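Reviewing the structure listed below.
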Protein chains: 2
Amino acid sequence: MAISEAEAVVMDVLWREAPLSAEEILAEVGPAQNWQEGTVKSLLNRLLRKTAVHAERDGRRYLYTPLLTRENYVQQESKGLLDRLFGGRVAPLVAHFSEQRKLSKKDIAELRKLLQELDDEH
Amino acid sequence: MAISEAEAVVMDVLWREAPLSAEEILAEVGPAQNWQEGTVKSLLNRLLRKTAVHAERDGRRYLYTPLLTRENYVQQESKGLLDRLFGGRVAPLVAHFSEQRKLSKKDIAELRKLLQELDDEH
DNA sequence: CGGCATCATTTACGCGTGTAAACATAATTG
DNA sequence: CAATTATGTTTACACGCGTAAATGATGCCG
């Protein structure tokens, strides 16, 4: 089953640093999210059930480690969107943003560089 | 409120052709989706409540027209994903797909052309 | 050892979703 | 006009999600 948005917030913390205890995760995420301890625990348990994280006892508490990688998650999410909206391909998405004038200078520069590099690797 | 995935399937039909009656929408979407009439009716009613479509009486039935445009919807969805996963910018998404070797020849060719055109418009 | 503190696990609850049955209403036809 | 048909509207229900309270278990301290 797919992991939800709130769950992804927890994963984000773990992707930055792991293993972490529930308390440490709360400390990272509580201020921005205004979550209580129980909320984080619930999310962690759902992530456990989905085998997106692994828990390992550390004395009285658990330390959580991601099993699902960020690359994997990003890939799933992005592919889902591309499939639903752009026939599964990247270029049409970029074209869409281009038409909406939503490409920044920086985007354009980076895209140029990227294509250049693709060239270079012969 | 955002429109859901099942609702988007109905919208998709209406974006291709409108106005359409519930029955016509069902005919378009039923085979692929295995939906009953009631399902489509419910989705249409939720879309009405969300003011994503407009209904206009046509004798005994209604004809439905999209109010939300496809461009708008695509924009919202795409921006959502970019914001959540790529710091709101397009280039990092393309970079991600590039790293995962998920850019097709066609994608690359189209991206080239796109950048070329951006150049040309001075 | 028994009670408090510390974690984790379970249960809860309102809300949206996917899916559809039940019900209402209005037109059609015998 | 009454029964049937065609539509639309309301209600339902299980499930995941966001959020958290209630409960359970475990180790520490006096």
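The values are calculated or read from the model by the stated rules, or taken from the named source; none is laboratory data. Remember, it's a predicted structure, so these values are computed and weren't measured experimentally. Note that we place each Cβ from the backbone using ideal geometry, even for glycine, and neighbour counts take in every protein chain shown. Surface accessibility is based on the protein's heavy atoms, side chains included, excluding ligands, DNA and RNA. Shrake-Rupley method; radii C 1.70, N 1.55, O 1.52, S 1.80 Å.
Exactly one residue out of B:V74, B:V9, B:V13 is at pLDDT 95 or above, away from DNA strand C (no atom under 15 Å from the Cβ) and hydrophobic (A, V, I, L, M, F, W, C), and it is B:V74. Can A:G59 be described as at positive phi and within 9 Å of DNA strand C (Cβ to nearest atom)? Yes, satisfied. Taken over region B:94-117, the criterion of being open to solvent by 40 Å² or more (accessible area, probe 1.4 Å) and not basic (K, R) is satisfied by B:E99, B:Q100, B:S104, B:A109, B:E110, B:Q116, B:E117. Only a single item in (1) touching a residue at least 40 places away in the same chain (Cβ under 8 Å); (2) more than 9 Å from chain A (Cβ to nearest Cβ) is not met by B:Y73, and it is number (2).
Among the helices (runs of 4 or more DSSP H) confined to region A:1-60, the ones with at least 2 residues that are without any contact (Cβ under 8 Å) to a residue 12 or more places away in the chain and either in contact with a strand residue (DSSP E or B) (Cβ under 9 Å, 6 or more places away or on another chain) or over 22 Å from B:G80 (Cβ atoms) (or both) are located at A:22-33, A:37-49. Take the conditions at positive phi and outside the structural domain of B:G80 (by TED's automatic domain parsing) and apply them to B:N45. Does it pass? For B:N45, the condition - at positive phi and outside the structural domain of B:G80 (by TED's automatic domain parsing) - is not met.
Against the conditions (1) among the aromatic types (F, W, Y); (2) outside the structural domain of B:L114 (by TED's automatic domain parsing); (3) not in a strand (DSSP E or B), where does B:F97 fall short? Just the number, please. Result: B:F97 passes all but (2).
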